[in-house]
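Some notes on the structure that comes next.
What follows draws every value from the coordinates through simple rules; no lab data is involved. A quick note: this is a predicted structure, and the numbers were derived from the prediction, not measured. Cβ placement follows ideal geometry from the backbone for every residue including glycine, while neighbour counts extend to all protein chains displayed.
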Amino acid sequence: MPGAHDAALPRIRRPVVIGRVGSVQMSASRSDVGIALAASSVSVVVGVSIVANPILAFAPIAVLGGALLLTDGRARTLLVVFGGMLLLQRPGELDMSKLAFLAACAVAFAGALANVRTLRRTPAYEAARPLLAGSVAVVGLAGISLGVAYAGGTPVTEWLRDIAPYVLFASVPVFAVDAQASFGLRRLLHLLVVAGVLGVAAWTVEWLDRRGIAHFEVSRIAVASLFVPAALFAYAMASALHERAKRLVWLVVAAAILALLFSTGTRSTLALVGVPLAIALLIRRERVNRTMRLLALGPLAALLTLAVALAVIGVTGADTESLEERLALVTVTADPEKDLSYNDRVEQSQVALDAFKAHPMLGTGPGTRFDWVTHDGRQMSDFILDTPMTFPAKFGALGLLVVLFVMATFFVFGRRLMRGRPPTVANLALLGYLAVVAALAVLAPPFEDKGLSFGLILTLALALGEASPPAAARPEARPV
C-alpha cells in the first residue's frame with residue numbers, strides 16, 4: 001500500500017535540477033564567449049576603419065548617440081536647448097560641427113515626434129494642437145522657399161543657413177510637448193534657470209566686449225540672444241507678481257537679469273520693461289492683485305536693478321564713459337543727425353522694401369544677399385538685415401499670411417490653456433515672454449534669432465506641464 005513507505009522514499013530530483021543549472025551555465029558561458037567574439041570583431045573592424053579613414057572613428061559614437069536621442073526625451077531636450085546654445089554661438093559658414101548638430105537635431109526631432117504621437121490623448125497634446133498646426137504651416141513655407149531660392153540662384157548651403165532658425169522654430173511645439181512628458185515641473189524649471197543664467201552671461205560678456213565697455217579673456221560663451229534671458233526674466237516676474245512662495249527671491253533674480261542686460265547699453269533690452277506690465281494687466285482674473293503687487297514691488301525692483309548694475313560696473317572695471325555714450329543714445333533714438341545706427345537701419349529697410357516690391361508674392365527666398373552702404377560709406381552684403389522688412393523681402397505676402405496664421409494659433413492656444421482655470425505662474429511667464437517677442441519684432445524678425453526657440457521650448461513646456469490638472473480639481477502645482 002502506498003503511504004508511509006512511499007513517503008519515506010527519497011525523491012530523486014537533484015540530478016535533474018543540477019542538469020538544468022548546468023545547461024543554463026553552459027549556455028550563459030557560450031553567450032559570454034559570443035559577446036566577447038562579437039566585441040573583438042567590432043573592435044577589429046573599427047580599428048581598420050580608423051586607419052583607413054579617421055572620421056569613421058566617430059561612427060560608433062554617432063550610432064549610440066542616435067539611439068539615445070530616439071529613445072530618451074531628456075537627452076533630446078538637453079541636446080536641442082543647451083547643445084544649440086553652445087554649438088551655434090560661432091558665426092560663419094556651415095562647418096562639420098554645425099552640420100553634425102543639425103543632423104543630431106533631425107534625429108532628436110524624429111524621436112520627439114514619435115513620442116508626441118503616443119501622447120495624443122493627453123491634455124498637453126490637446127492644448128498644443130493649434131501650435132502643431134502652425135508648425136506645419138511654417139514647414140510648408142520653408143519647403144516653398146527652397147524652390148524660390150533655387151530659382152533665384154541662391155546656393156543650397158546659403159538657404160540652409162538662413163532657413164535653419166525657422167525650421168527650429170517650427171519644431172518648438174513638438175519638442176515642448178516631448179519635454180513636458182519627459183521632465184517634471186521642478187526639473188523643467190531648473191533647466192530654465194540654467195539656460196537663463198547661461199544666456200544672460202553670454203549676452204553680457206559679448207556685448208560689453210563688443211562695445212568696448214569691458215574686456216574679457218573669453219568674448220563668446222554661448223548664443224548671445226536676448227530671448228533666452230528674457231524667458232527666465234518673464235518667469236521670475238510672474239513668480240514675483242503671482243506666486244506667494246519666494247516672491248522676494250524671484251524679484252532679486254529678475255532685477256539681476258535686468259541689471260546685467262542694461263549694463264551693456266543695448267537699447268533692445270528695454271523691451272523687457274513690458275514684461276511685468278503684460279503679466280499684470282493682460283489677464284483679467286486676479287488682475288487687481290497683480291497690479292497692486294507691481295505698484296508695491298516696482299520701486300524695490302528698480303533699486304535692486306540699479307544696485308546690481310553698479311556692482312557689475314565695479315567688478316568688470318567697465319569704461320563708464322563708453323557706457324554713458326551708449327546710454328545717451330536712448331534720448332536721441334531715431335534722430336538722423338545723432339543716431340547713426342538708425343540711419344543704417346533706414347537704409348537696410350529701404351533695400352529690403354525694394355526686394356519685396358520686386359518679388360511681392362513669394363519674396364526672394366532665404367539665403368538671398370542684400371547689398372547696402374553704411375553711414376560711413378562701407379559696402380555691405382549679407383542675408384541678415386537689421387530691419388523687420390527682411391521677412392517679407394525673403395518670403396513675400398505668403399510669408400506674412402503664415403505669420404498671421406501662427407499668431408492666431410498662439411491666441412487659440414492661450415485660450416485653451418486658460419479656459420476655466422485660474423492663471424498659473426507658467427501661463428503668465430509665457431504671456432510675458434510672448435510680449436517680449438512682439439516688442440522685438442518691431443526691430444527685426446524674431447524667427448531669425450535661434451534664442452527664440454531655445455527660450456520658447458522651456459517656457460512652453462512649463463505651461464503645457466500645468467495643462468494636465470483639471471480646473472479647480474487641485475491647487476496650483478508649485479515647482480519650487
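Pairwise Cα separations in region 65-142 fall into 10 Å bins from 0 onward with the following percentages, short to long: 16, 39, 36, 8, 0.
Report the gain in length on full extension from Val273 to Arg220: 0.36 nm times residue separation, minus Cα-Cα distance, nm rounded to one decimal.
Between Val273 and Arg220, full extension yields an extra 16.5 nm.
Computed from the C-alpha gyration tensor, the three semi-axes of the ellipsoid equivalent to region 124-465 are 32, 28, 17 Å, from longest to shortest. Modelled this way, with points 7 Å down the Cα-to-C-beta line, the labels at Leu119 and Asp72 are 1.8 nm from one another. Inter-label distance, Leu310 to Asp371: 5.3 nm, where each label sits 7 Å from its Cα along the C-beta direction.
The listed peptides 448-455, 189-196, ordered by packing as a protection proxy, come out as 448-455, 189-196 (highest mean of other Cβ atoms within 10 Å first).
Taking the Cα centre of region 124-465 as reference, the dipole from Cβ charges on Lys and Arg (+1) and Asp and Glu (-1) amounts to some 1860 debye. Comparing Thr409, Thr266, Val346 along the charge dipole axis of region 124-465, the residue lying farthest to the positive side is Thr409, per the Cβ-charge model.
Shown is the FRET efficiency for Arg378 and Ala100, computed with R0 = 30 Å from the Cβ-Cβ distance and rounded to the nearest 0.05: 0.30.
Our estimate of slack between Arg285 and Arg416, defined as 0.36 nm per intervening residue step minus the Cα-Cα distance, is 45.6 nm. For the pair Ala438 and Ala151, label points projected 7 Å from Cα toward Cβ lie 3.5 nm apart.
Distance from the alpha carbon centroid of region 156-184 to that of region 398-471 works out to 15 angstrom.
Judged by the mean number of other Cβ atoms found within 10 Å, the most tightly packed of the peptides 427-434, 119-126, 268-275 leads the ranking 427-434, 268-275, 119-126.
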